Amino acid sequence: MGRFIGILMFTGVVIAIISIFFDLIFGAIAAGLSILIGSALVMALTKTILDSLLIGPYVGIVISRVYGSIYRKAKS
């Protein structure tokens, strides 16, 4: 049981680190577009679109894979 909790905690930490890294990159891209266009709304929309299209699906896939692996190990 403790091993499964450790796996989930490790996965959460790795996903948090990766999300923070890409948030900084996407924030810089959004800030650059915002400066070029001159609107703060563009910055918010750009960052939201990049996060939802490039980070969200992969995080969901990784978490589902980890849950499936834990379930398979627990059943056997």
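The values are calculated or read from the model by the stated rules, or taken from the named source; none is laboratory data. Source: prediction; values computed, not measured. These accessible areas exclude ligands, DNA and RNA; they are computed on the full protein's heavy atoms, side chains included. Shrake-Rupley method; radii C 1.70, N 1.55, O 1.52, S 1.80 Å.
Tabulated data for the structure shown
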quantity	calculated
Ranked order, Met9, Met1 - accessible area, probe 1.4 Å, largest first	Met1, Met9
Choice from Gly12, Gly38, Gly27 with maximal GNM fluctuation in the chain (Cα, 10 Å cutoff)	Gly38
Per-bin percent of Cα-Cα distances, the chain [5 Å]	3, 15, 19, 17, 12, 10, 9, 7, 5, 3, 1, 0
Calculated [θ] (222 nm, deg cm²/dmol) that DSSP helices of n ≥ 4 give over the chain, each run adding -39,500 (n - 2.57)	-33000 deg cm²/dmol
Between the stretch 1-15 and the stretch 16-76, the alpha-carbon center distance in angstrom	20 Å
